[in-house]
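Novice: One structure follows; several queries about it will come next.
The values are calculated or read from the model by the stated rules, or taken from the named source; none is laboratory data. This is a predicted model, so every value here is computed, not measured. Ideal geometry is used to build each Cβ from the backbone, glycine not excepted, and the neighbour counts take in all protein chains shown. We work out accessible area using only protein heavy atoms, side chains counted, and drop any ligands, DNA or RNA first. Shrake-Rupley method; radii C 1.70, N 1.55, O 1.52, S 1.80 Å.
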Amino acid sequence: MSDPAISNNIESHLVENRVFPPPAEFAQRARVGSLAEYERMYRESIDEPDKFWAREASELLWQEPWDQVLEWKCPDARWFLGGKLNVSENCLDRHLSGPRRDKVAIDFEGEPDDRRTLTYAQLHAEVCRFANVLKARGVGAGDRVLIYLPHVPEAAISMLACARIGAVHSVVFGGFSADSIKDRLADSGAKLIVTADGGWRRGKIVPLKANVDAALKDGDGQVEGVVVLRRAENDVTLKSGRDVWWHEAAAEVSADCPAEPFDSEHPLFILYTSGSTGKPKGILHTSGGYLVGTYATTKYYFDLREDDVYWCTADVGWVTGHSYVTYGPLANGATVLMYEGAPDTPDQGRWWKLIEEHRVSILYTAPTAIRAFIKWGDKWPKGYDLSSLRLLGTVGEPINPEAWMWYRELIGGGRCPIVDTWWQTETGGHMIAPFPGATPTKPGTATRPFFGVDAAVVDDAGVEVGPNVGGKLVIRRPWPSMLRGIYGDPARFQQAYWEDYKARGYYFTGDGARRDEHGNFWIVGRIDDVLNVAGHRLGTSEIESALVAHPAVAEAAVVGRPDEIKGQGVVAFVTLKGGQTASKETADALKKHVGTSIGAIARPDQIRFADALPKTRSGKIMRRLLKQVASGQTVTGDTTTLEDLSILARLQASGEE
Ligand code: WT7
């Protein structure tokens, strides 16, 4: 432990001793089958990165070969210089000459239980046809297209159709409001919108087209056309001359659209991610490096097999839906399950029923979902046959060790490796995660870096800290799927990621972390959320995990509030499991529990019970808002990404325990 008087580092107190070696049976047939093999390949990828990445890239189809693997002038990276490729050709055409032609690419289930499968040949035809729709409506290479769809096959189809003709897509999550569409339209300058009449969520229709109309009510601006998919069959109005039905426009064009070559650095998409303050950042990704990164990480981390049924539960509106529903799996020729709706419709067993019926073998989801299932009770997963599963993944937040154990036992039957993947919208693909056949796992850590990823925990000066000392997580060299900028804002790009370690050329992730004596990375929380209690710098995630380990607790979020004596006091927002009571006794028990599991310094000054926590639609707890609630301030700043605004009002009204 570091001495706060002489160090500015983040402290770490929670010790995790459970270790799970990769299952022997899994390791035997895995691509990377032992820790020694991982270490050898990792070394090679760091010593000879060009060789490593060239080998991965050469598994894909390039219409013109690259001359140079990397050109790096911090913060500008260019990968596979001079190379030309078509991303959609790699995800589709590449699979058509062999048996994958008739393999299911997308296995879709809608919330109302409608089903549809698309083979690679069928998906290819649909994408080509829609690419021709885009062309017919004046979309060309470099033009931006805003996609605002439910989680249905047409979301992937329209992304791939953009890629086919070099248009740049910007997907806006279907749960976002008219205002979000408006902001993203203005920032991206998109000239065409692809949407649907509506989508299904919890038995209700989300009025997507009406939201688009509301976003355009003060004038179309640069928007020349709106293509509307018929999905929920709710009433919509089409503005003549601007709006067309997808099926009508598609009927007028051919299904033949040759894959043109695009420069490796041609922009592929812009995806907006909420900055903790200020307006959302348009994260820009390009073609060659992004595809190589998502292709390779999907292949190695999910150890994909030809007969896998792969299900990533993320919506296409998030980067996870870009990299690990669409591009990564399709570039690998996988069968991808896509489910449109909510996990509790018609009941809380829906996901487990999906797994049973579609024989899902790989499940990739988020800790927030796992905690919800724990809260809903074991009887749901126990009621279904989950024996088809062979690998489990998580992403999005540090997974609380107790949630990890539940996932392993209840869902994975104790036999599936858990691949906890640390990455970001900005990194494009997985950066730190265990190789399922090689890396021993511990609940709560994403373990060690992917090939070519030079991750480190450093102090404020950029010097690597020793084992178990907290600091800032940086990446010390470029990787292929890294962001190429913030769309239209180079100054913000520089300031947000590169300013802190300018002289060294390190990318700063914004996360606090420590590395243990075995080289495993433990994310302790966002640096902006680190607490300073009487001179001790504490990350949020360990205190939250200690709370979640208490049998009464379903979910917890920890923030600081000003404290005259200690600088900051610890406030914990807690939701309880069913059957538990929010009482002073429970609050005292929880405070005591944190005190004994971590130490007196982390003991919450206040426990506030809540029926739900404010989260973004991708399931991240919005600690920024909780911090304001905890210190009795009015909540300010961007709340447009909040899933349920009423949660906030209830929190503000709720008192102290
Ligand atoms: C931030 C990135 C990555 C796609 C979805 C979220 C946190 C993400 C983990 C993990 C600990 C994680 C980090 C990161 N995070 N995965 N496995 N363990 N923390 O993408 O919205 O860009 O968020 O999510 O804080 O910086 P994002």
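Novice: Calculate the radius of gyration of the Cα atoms of the range 530-653 to one decimal place, then report Dmax, the largest Cα-Cα distance, as a whole number, both in Å.
Specialist: Looking at the range 530-653, its Cα Rg and Dmax stand at 13.8, 38 Å.
Novice: Then there is this: How big is the Rg/Rh ratio for the chain, C-alpha atoms only, Rh by Kirkwood, two decimals?
Specialist: Expressed as Rg/Rh, it is 0.95.
Novice: I want the local charge near V139. Using Cβ-Cβ distances under 13 Å, sum +1 for each Lys or Arg and -1 for each Asp or Glu among the other residues.
Specialist: +3
Novice: So for the range 97-195, Kirkwood radius off the Cα pairs, Stokes-Einstein at 20 °C and 1.002 mPa s: how many µm² s⁻¹?
Specialist: This corresponds to a translational diffusion coefficient of 149 µm²/s.
Novice: Say the cut-off is 31 Å between C-alpha atoms; which of K299/K353; K182/K620; K103/K577; K592/K620; K204/K382; K103/K191 go over it?
Specialist: Too far apart for the 31 Å limit: K103/K577; K103/K191.
Novice: If you count the DSSP beta bridges with both ends in the chain, what percent of them are antiparallel, to the nearest 5?
Specialist: Given both bridge residues lie in the chain, the antiparallel proportion sits at roughly 60 percent.
Novice: Hull surface divided by four, with the convex hull built on the Cα atoms of the range 1-147: how many nm²?
Specialist: Computing the convex hull of the Cα atoms and averaging its projections yields 17.7 nm².
Novice: Given 0.36 nm per residue, what is the gain on full extension from D516 to V463 after removing their alpha carbon distance, in nm?
Specialist: Going from the current span to full extension adds 17.4 nm.
Novice: Could you tell me how many cubic angstrom of Cα convex hull volume the range 256-319 has per residue?
Specialist: Per-residue hull volume (Cα only) is 161 Å³.
Novice: Shifting gears a bit: Quick one: net charge of A554's neighbours, Cβ under 11 Å, K/R +1, D/E -1?
Specialist: With Lys, Arg at +1 and Asp, Glu at -1, the net is 0.
Novice: Would you work out which of A369, S481, V139 lies farthest towards the positive end of the dipole of the chain, given +1 charges on the beta-carbon of Lys and Arg and -1 on that of Asp and Glu, about the Cα centre?
Specialist: Farthest towards the positive pole: A369.
Novice: Is it possible to state the helix-based mean residue ellipticity at 222 nm for the chain, with each DSSP H run of 4+ residues giving -39500 (n - 2.57), the sum divided by total residues, to the nearest 500 deg cm²/dmol? What is it?
Specialist: -7500 deg cm²/dmol
Novice: Rank T320, G444, A556 by how far each Cα sits towards the positive end of the charge dipole of the chain (+1 on Lys, Arg Cβ; -1 on Asp, Glu Cβ) and give me just the farthest.
Specialist: A556
Novice: Say the dipole of the range 1-121 comes from +1 at the beta carbon of Lys and Arg and -1 at that of Asp and Glu; which of I106, P22, W79 then lies farthest toward its positive end?
Specialist: Farthest towards the positive pole: I106.
Novice: Determine the distance separating the Cα centre of the range 460-482 from the Cα centre of the range 77-95; give it in Å without decimals.
Specialist: Cα centroid of the range 460-482 versus Cα centroid of the range 77-95: 30 Å apart.
Novice: To continue, here is another question. What number do you get for the range 116-270 when its Cα radius of gyration is normalised by 2.2 N^0.38 Å, N = residues?
Specialist: 0.98
Novice: With a sphere of radius 13 Å drawn around the Cβ of Y487, what net charge do the other residues whose Cβ falls strictly inside it have (Lys, Arg +1; Asp, Glu -1)?
Specialist: Local charge sum for Y487: +2.
Novice: Quick check on packing: order 578-584, 531-537 by the mean number of other C-beta atoms within 10 Å, highest mean leading.
Specialist: Answer by packing, highest mean first, reads 531-537, 578-584.
Novice: With the full set of protein chains in place, find how many percent of the accessible area of the chain is carbon and sulfur; take the probe as 1.4 Å.
Specialist: Roughly 49 percent, rounded to a whole number.
Novice: While we're looking at this one, here's another question. When you count, for each residue, the other Cβ atoms within 10 Å and take the mean per peptide, how do 116-127, 26-37 rank with the highest first?
Specialist: Ranking, from highest mean packing down: 116-127, 26-37.
Novice: Further, regarding this structure: Can you grab the distance from the C-alpha centre of the range 267-322 to the C-alpha centre of the range 170-212, Å, no decimals?
Specialist: One Cα centre to the other: 20 Å.
Novice: Can you tell me the order of 441-450, 561-570, 232-241 when each peptide is scored by its average per-residue count of other Cβ atoms within 10 angstrom, highest first?
Specialist: For the peptides 441-450, 561-570, 232-241, the packing ranking is 441-450, 561-570, 232-241.
Novice: For the chain, what is the accessible area per residue in Å², given a 1.4 Å probe and the full set of protein chains?
Specialist: Per-residue value: 36 Å².
Novice: Expressed as a whole number of Å, what is the distance separating the alpha-carbon centroids of the range 418-433 and the range 141-161?
Specialist: 23
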